[in-house]
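K.L.:
So that we are looking at the same thing, I have put the structure below in structure tokens.
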Amino acid sequence: MKCLLLSALLFLVGCTSALTATPQALTAESETVILLHGYGRTPWSMWPLERRLRAAGFAVENIGYPSIRQSPSELVTYLHRQVEDCCQRSSRIHFVTHSLGGILVRAYLVRYPPPNLGRVVMLAPPNQGSELADIASRSAWLRWMLGPTVVQLGTGPDSLPNRLPAPWYDVGVIAGVDTFNPIGDFFVAQPSDGTVSVASTRLEAMRDFVTVKKSHTFIMHSADVADYIIRFLKTGSFAVTSPDSP
């Protein structure tokens, strides 16, 4: 059972790389998108999305963070230092996140809300907690293997996602409905992306919501998902706006 659960949890890690993004020079008028990868990943996992956002005219900061080694509080502090270093000159700061990155941004914006905050798009976030984290938190072996943050992402009322307040900023959520991870079907409520259930991704006061036929591991590599993100960052909606619309 432990091996099966560990396989399900680590499936979302996928192929990682030590490569990091090259910083982009900012002008005083830049709108910057900060990308945050998921648990156990690196900035390289967000690189296809980074490329599409740059092509759409955004400055992009693809930030890596030690998701396995540090606690949520330490990760929020770490993220704050990164944002302070990269984005002081930006006219507007947006966030686009994958999985754990969405929970980290929610916690960050409670403690350090930037005055130039724009919009937030979350891909497959466990906003109501994760059933996999519930199981992991009951095993000392898995807690040791997975680090101090993932086991705080359970579905209980005292878990990190469920302690965070509803957003006061514009949030769009994109959920996957492709169970590319068959092991996750044993533990995760359906429909799901194989790691996070669609129900768990929903967030009170979110401005828009859409599902896509993508798996948790690869949702951020989709050109269709990138189009949804760019549309929301520019308009506050995932919907296509007709040229004749007022």
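K.L.:
Give the Debye-formula value of log10 I(q)/I(0) at each listed q (0.15, 0.21, 0.24 Å⁻¹), with one equal scatterer per alpha carbon of region 123-174, two decimals each.
P.N.:
Those come out to -0.44, -0.75, -0.89, one per q.
K.L.:
Just grab the label-to-label distance for Glu204 and Gln190, each label 7 Å out from Cα along the Cβ direction, in nm (one decimal).
P.N.:
The two pseudo-label positions are separated by 3.0 nm.
K.L.:
Let me ask something additional. Report the local net charge at Ala56: Lys and Arg +1, Asp and Glu -1, summed over other residues whose C-beta lies under 13 Å from its C-beta.
P.N.:
Summing Lys/Arg as +1 and Asp/Glu as -1 gives +2.
K.L.:
A further question follows. How much accessible surface area, in Å² rounded to 10, belongs to the heavy atoms of Leu104 with a 1.4 Å probe?
P.N.:
Accessible surface of Leu104 is approximately 10 Å².
K.L.:
Still on this structure, please answer the following. Could you pull the accessible area for Glu204 with a 1.4 Å probe, rounded to 10 Å²?
P.N.:
140
K.L.:
While we're looking at this one, here's another question. Using a 1.4 Å probe and ignoring any ligands, DNA or RNA, find the accessible area of Asp170 and quote it in Å² to the nearest 10.
P.N.:
Here the accessible area works out near 50 Å².
K.L.:
Quick check: with the 1.4 Å probe, what order do Lys213, Lys234 take by accessible area, largest first?
P.N.:
Lys213, Lys234
K.L.:
How about region 117-170: which chymotrypsin sites (Phe, Trp or Tyr not before Pro) there lie in a loop by DSSP and see at most 12 other Cβ atoms within 10 Å?
P.N.:
Passing both the DSSP loop test and the Cβ count: Trp168.
K.L.:
May I ask for the net charge around Lys213, where only other residues with Cβ less than 15 Å from the Cβ of Lys213 are counted and Lys, Arg are +1 while Asp, Glu are -1?
P.N.:
-3
K.L.:
Quote the Stokes-Einstein diffusion coefficient, in whole µm² s⁻¹, for region 84-187, based on the Kirkwood radius over alpha carbon pairs, a temperature of 37 °C and a viscosity of 0.692 mPa s.
P.N.:
217
K.L.:
Taking a 1.4 Å probe, which of Ile34, Ile68, Ile135 shows the most accessible area, and what order do the others take after it?
P.N.:
Final ranking, largest accessible area leading: Ile68, Ile135, Ile34.
K.L.:
Same structure again: How about region 31-98: which trypsin sites (Lys or Arg not before Pro) there are in a DSSP loop, with at most 14 other Cβ atoms within 10 Å of their Cβ?
P.N.:
Taking region 31-98 and a limit of 14 other Cβ atoms within 10 Å, the loop trypsin sites (Lys or Arg not before Pro) found are Arg69, Arg89.
The values are calculated or read from the model by the stated rules, or taken from the named source; none is laboratory data. This structure is a prediction, so every number in the text was calculated from the model and none was measured. Cβ coordinates were reconstructed from backbone atoms using ideal geometry, including for glycine residues, and neighbour counts include every protein chain displayed. These area figures cover heavy atoms from the full protein model, side chains too; ligands, DNA and RNA do not enter into them. Shrake-Rupley method; radii C 1.70, N 1.55, O 1.52, S 1.80 Å.
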